[in-house]
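K.L.:
Encoded as structure tokens, here's the structure I'll be asking about.
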Amino acid sequence: MKSDNSPRRPNLAPPRPDSQRAVWSVSFFLVVAVFVVFGQTVRHEFINYDDDLYVTDNPQVAQGLTFRGIGWAFTYSQIGHWHPLTWLSHMLDCQLYRLNPGGHHLTNVLLHATNAVLLFLVLRQMMGLRISKNVRAMATPASALWPSAFIAAVFAIHPLRVESVAWVAERKDVLSGLFFMLTLGAYVRYVRQPSSLVNYSALVLLFAMGLLSKNMLVTMPFVLLLLDYWPLGRLSPTVVSHSSFETLGRLLIEKLPLFLLSAASCIATSLVSEKIPVADRFTLFSRLQNGLVSYVTYLWQTVCPVALAIPYPMSTGSLPSWKLAGALFLLAAISLGAWVLRKQHPCLIVGWLWYVGMLVPVTGIVQISYYAHADRYTYLPQIGLTLAVVWALQESSVSWRYRREVLATAAAGVIAALMVCAAIQTSYWRNNELLWKHTLACTPENARANNNLGNALIPQSRFNEAIEQYQQALHINPDYAEAHNNLGNALALQGRYAEAIGQYQLALHINPEYLEAHYNLGDALMRSGRSEEAIDHFKKVLELRPGFAKAHNKSGAALVQIGRPDEAIIHFQKAIEIDAGYADAHYNLARALGEKGRLDEAVVQFQATIRMDPNNADAHGNLAKALATQGKLAEAVGEYQRTIELIPNSALAHFRFGQALQAQRDFKAAITQFQKAIQLDPRQLPAYLDLAWLLATGPAASLRDGSEAVKLALQAERLAGSVSPQLLDTLAAAYAEAGRYADAIETAKRALNLNATQNNQPLAEAIQARLKLYEAHAPYHASP
């Protein structure tokens with residue numbers, strides 16, 4: 001016979017039809033409310049705070065869902081979190097929307113709306129299973145509908161939700177929230193049918209998926225124990241006896257697989273935790289103080305959600321004693337009150353411990369970041385607070401005369417106020433500049449916000465304003481390595497490489513393992529002509545992150561500069577292996593292959609570059625040059641035409657186009673291109689020579705103009721500052737076409753006397769043959 005103290009298996013009476021209509025109405029309202037508040041985010045941009053690490057600058061994610069990407073999601077550990085399902089969700093977004101921010105925001109909004117509806121449905125089910133504290137009778141779902149609806153509505157549209165929903169990088173909140181709600185639902189099903197292996201397996205699987213989305217769910221088994229106490233009634237909230245302890249033991253054993261999963265998640269997290277720079281580390285006492293005050297801060301923000309910011313800077317000194325004492329007193333008073341009232345209102349102790357317990361992983365006692373607290377940390381814990389307050393009010397207001405009218409009016413007012421505040425708060429996330437200016441208005445001494453505002457100004461070419469923001473960040477925190485690095489970036493963009501190098505070195509003095517500073521220092525050294533030194537820093541980057549495609553690409557570029565193309569090719573190929581869509585690496589590989597004479601391979605890489613970046617004029621121009629060298633003149637001409645479309649004011653492009661046309665014997669068009677090159681760049685020496693040659697030696701009389709050819713050749717001589725065989729050969733041909741044979745003969749002889757000519761037998765023979773024509777008073781003309 002089963003013991004009377006075994007977990008209860010209540011049966012739920014079928015709901016009334018009007019209740020079903022109400023359920024659908026509430027669900028519809030929750031979805032609409034979420035979209036009214038957060039729907040605006042589909043027009044928002046990505047944020048320059050982790051969105052780059054998670055999506056925009058993450059090549060594995062940006063490629064969408066791939067077999068390689070799936071493996072990467074389960075093994076990548078360099079961002080300080082292990083959440084493979086979150087990575088996969090970002091990859092799926094990139095598969096669907098590429099890097100269109102609106103699609104990524106839409107996914108967050110849809111997930112959050114789903115979470116709100118699921119919370120409502122699960123709460124309604126759980127409260128339908130609760131035991132009345134007075135008559136020990138089952139409550140109906142209908143009596144749980146409106147309190148559950150209000151709790152879900154507060155969850156859906158509270159301003160503290162904005163950070164989790166409006167921030168693409170916080171996908172882990174809404175995704176783990178989805179599995180949290182599904183796990184709650186699976187647990188309710190299991191409680192109703194505890195003998196069902198399917199229900200229990202679903203419970204374990206959904207919880208595991210939640211942990212794979214965000215490890216903050218490690219405390220969920222404790223939440224389930226709280227729900228066993230109330231409202232599920234599996235451990236009586238009114239009686240504590242020997243048998244109840246036995247029941248508690250069985251409930252703990254029942255959840256042993258969940259506790260084991262939580263432990264495994266904690267271990268995995270500890271293995272991948274991001275190393276906190278020395279400058280950002282806080283003492284244990286500081287972290288304890290901050291954690292204590294943060295609990296009260298979240299309580300206040302729940303009631304008064306104003307001046308919300310990202311992030312809230314950690315205090316560098318000890319907090320005032322009055323603040324600590326007040327926080328400790330308030331938390332102790334609430335805890336004591338919830339304990340004293342546990343029999344009359346068990347919802348209070350359950351909701352309070354839900355809130356306190358779920359925040360434990362993010363109190364900062366074990367330091368996980370550099371900030372004091374974060375709005376997003378309340379995503380699931382705040383449900384406990386709302387549950388406690390709403391259900392206590394529900395139970396305490398039974399005797400009120402106008403109970404329904406008062407509660408309905410108050411609920412409507414609260415929801416309306418929260419929606420307005422949340423919509424305004426969401427609007428601040430529209431773009432980076434607006435977000436960080438709002439943050440600074442709320443938290444003036446926020447070095448992180450100054451730094452990120454500077455980052456927002458850089459793409460707008462507002463370099464001086466950005467420099468001011470970085471300097472302000474460093475005024476607040478002189479040991480802020482990232483601000484030194486970003487200040488270096490701003491200086492480098494202004495061409496102030498010496499100053500930039502100094503800032504990068506300061507960043508590395510603070511944090512010797514700072515990957516980005518090593519990378520940027522290497523780039524600045526390379527641009528300053530110090531490529532040997534640059535290579536050392538790129539090597540350090542690749543030691544820290546072997547799969548960093550950009551570092552391989554830069555290493556290759558530096559190696560090319562110091563004349564080591566074979567090693568450079570290996571780095572370019574590695575960069576492409578890591579990121580097949582890395583257009584710049586394909587381009588650099590093509591150029592290195594071209595320098596090695598491997599034109600067929602170079603052409604393939606130039607073509608790959610153009611497929612990825614159709615408007616890359618340099619790629620079109622170099623592809624045209626390679627094709628022309630291979631004798632594929634028709635294809636080369638097409639590429640040169642595209643190059644000129646992209647950069648019509650490039651003298652070099654017009655000159656090379658003219659050469660290709662000349663090789664095709666389209667001399668008239670070639671002359672036009674050479675003239676355009678000279679017009680754009682009066683110092684374009686090769687264009688003067690080729691144009692003078694055509695005007696002097698063109699096969700058709702209509703092409704030739706001896707006097708103009710002489711002027712061009714003499715101008716080329718002035719530009720060159722010295723003579724060469726080719727220059728003198730051209731000038732001699734021009735003199736002959738102009739009828740100045742004595743000058744032609746004298747110039748041709750000068751060409752033959754040059755050492756360069758004597759060392760080039762074919763050229764010497766060609767000039768000698770033309771000299772005989774001049775001596776016979778005949779110009780040299782190319783054959784038709």
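The values are calculated or read from the model by the stated rules, or taken from the named source; none is laboratory data. Predicted model only: the values in this text are computed from it and were never measured. Cβ sites come from the backbone with ideal geometry, for glycine too, and all protein chains shown count toward neighbours.
K.L.:
What's the number of the condition LYS343 fails, among (1) over 35 Å from the mean Cα position of the chain (by Cα); (2) within 26 Å of ALA423 (Cβ to Cβ); (3) assigned to a loop (DSSP other than H, G, I, E, B)?
P.N.:
Result: LYS343 fails condition (2) only.
K.L.:
Name the single residue that is surrounded by the most Cβ atoms within 10 Å (Cβ to Cβ) among those in region 770-781 being in a helix (DSSP H, G or I) and among the hydrophobic types (A, V, I, L, M, F, W, C).
P.N.:
Among them, the one singled out is LEU771.
K.L.:
Can I ask one more? Could you please let me know if LEU30 is aliphatic (A, V, I, L, M), modelled with pLDDT of 95 or more and either in a loop (DSSP other than H, G, I, E, B) or surrounded by fewer than 21 Cβ atoms within 10 Å (Cβ to Cβ) (or both)?
P.N.:
no
K.L.:
Here's something else I'd like to know. Pairs needed: first member in region 751-769, assigned to a helix (DSSP H, G or I); second member anywhere, surrounded by 18 or more Cβ atoms within 10 Å (Cβ to Cβ) and acidic (Asp, Glu); C-beta distance under 9 Å; at least 6 residues apart or different chains.
P.N.:
As it stands, the answer is ALA751/ASP729; THR757/ASP729; LEU763/ASP729; ALA766/ASP729; ILE767/ASP729, since those pairs meet every condition given.
K.L.:
Sticking with this structure for a sec: For region 734-750, how many residues meet the condition of being of a type outside the set (D, E, K, R), part of a helix (DSSP H, G or I) and within 21 Å of PRO699 (Cβ to Cβ)?
P.N.:
Looking only at that region, the number is 6.
K.L.:
So, one more: What are the residue pairs meeting all of these: first residue in region 623-641, first residue under 20 Å from HIS586 (Cβ atoms), second residue acidic (Asp, Glu) and modelled with pLDDT of 90 or more, Cβ atoms under 7 Å, and 6 or more apart or on different chains?
P.N.:
Between residues of region 623-641 that are under 20 Å from HIS586 (Cβ atoms) and residues that are acidic (Asp, Glu) and modelled with pLDDT of 90 or more, the close pairs are LEU623/GLU639; ALA624/GLU639; LEU627/GLU635; LEU627/GLU639.
K.L.:
Another question about this same structure. Identify, please: which residue in region 476-515 is surrounded by fewer than 20 Cβ atoms within 10 Å (Cβ to Cβ) and charged (D, E, K, R) and is, among those, nearest to the chain's Cα centre (by Cα)?
P.N.:
GLU513
K.L.:
Continuing with the same structure: Test of understanding: among ALA670, ALA687, ALA653, ALA634, which residue is in contact with a Leu (Cβ under 7 Å, 6 or more places away or on another chain) and either closer than 29 Å to LEU593 by Cα or outside the structural domain of GLY706 (by TED's automatic domain parsing) (or both)?
P.N.:
After applying the criteria, what remains is ALA670.
K.L.:
Just the residues that are among the acidic types (Asp, Glu) and crowded, with 21+ Cβ neighbours inside 10 Å, please, taken from region 52-89.
P.N.:
Scanning region 52-89 gives no hits.
K.L.:
What is the one condition in (1) within 29 Å of ALA116 (Cα to Cα); (2) assigned to a loop (DSSP other than H, G, I, E, B); (3) at pLDDT below 95 that TRP429 does not satisfy?
P.N.:
(3)
K.L.:
I need the full set of residues from region 714-728 which are crowded, with 19+ Cβ neighbours inside 10 Å and over 11 Å from LEU685 (Cβ atoms), in order please.
P.N.:
Listed by number, the residues that qualify are PRO725, LEU728.
K.L.:
How about region 58-117: which helices (runs of 4 or more DSSP H) wholly inside it have at least 3 residues that are touching a residue at least 24 places away in the same chain (Cβ under 8 Å)?
P.N.:
Filter on region 58-117 gives 59-62, 84-97.
K.L.:
Of all residues in region 351-394 being part of a helix (DSSP H, G or I) and farther than 17 Å from VAL154 by Cβ, which is farthest from the chain's Cα centre (by Cα)?
P.N.:
Only one residue fits best here, namely LEU353.
K.L.:
What's the total number of residues in region 728-754 that are aliphatic (A, V, I, L, M) and within 60 Å of the chain's Cα centre (by Cα)?
P.N.:
2
K.L.:
Going through region 565-615 one residue at a time, which ones are among the charged types (D, E, K, R) and over 20 Å from LYS625 (Cα atoms)?
P.N.:
Correct list: ASP566, GLU567, LYS574, GLU577, ASP579.
K.L.:
Suppose the filter is under 24 Å from ALA583 (Cβ atoms), polar (S, T, N, Q) and either at pLDDT 95 or above or part of a loop (DSSP other than H, G, I, E, B) (or both); does ASN520 pass it?
P.N.:
yes
K.L.:
Hey, any hits in region 392-411 for a residue that's within 30 Å of ILE267 (Cα to Cα), touching a residue at least 12 places away in the same chain (Cβ under 8 Å) and crowded, with 18+ Cβ neighbours inside 10 Å?
P.N.:
Taking every residue of region 392-411 in turn, none turns out to be within 30 Å of ILE267 (Cα to Cα), touching a residue at least 12 places away in the same chain (Cβ under 8 Å) and crowded, with 18+ Cβ neighbours inside 10 Å.
Rundown of residues vs (1) buried (at least 17 other Cβ atoms within 10 Å of the Cβ); (2) under 30 Å from LEU491 (Cα atoms), yes/no style:
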| residue | (1), (2) |
| --- | --- |
| HIS537 | yes, yes |
| LEU544 | no, yes |
| HIS552 | yes, yes |
| GLY556 | yes, yes |
| GLU577 | no, no |
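K.L.:
Is it the case that ALA592 is among the small types (Gly, Ala, Ser) and in contact (Cβ under 8 Å) with a residue 40 or more places away in the chain?
P.N.:
Taking the combined requirement at face value, the residue does not satisfy it.
K.L.:
Looking only at helices (runs of 4 or more DSSP H) that fall completely inside region 154-217, which ones have 2 or more residues that are out of contact with any helix residue (DSSP H, G or I) (no Cβ under 6 Å at 6 or more places or on another chain) and in contact (Cβ under 8 Å) with a residue 12 or more places away in the chain?
P.N.:
Passing ranges, in order: 171-192.
K.L.:
Specify the residue that is surrounded by the fewest Cβ atoms within 10 Å (Cβ to Cβ); the eligible residues are those in region 111-170 that are among the β-branched types (Val, Ile, Thr) and modelled with pLDDT under 95.
P.N.:
Looking at the filtered set, the residue picked out is VAL135.
K.L.:
Considering only residues that are modelled with pLDDT of 80 or more, surrounded by fewer than 18 Cβ atoms within 10 Å (Cβ to Cβ) and among the charged types (D, E, K, R), look in region 244-286 and name the one that is nearest to VAL191 (Cα to Cα).
P.N.:
Looking at the filtered set, the residue picked out is ARG250.
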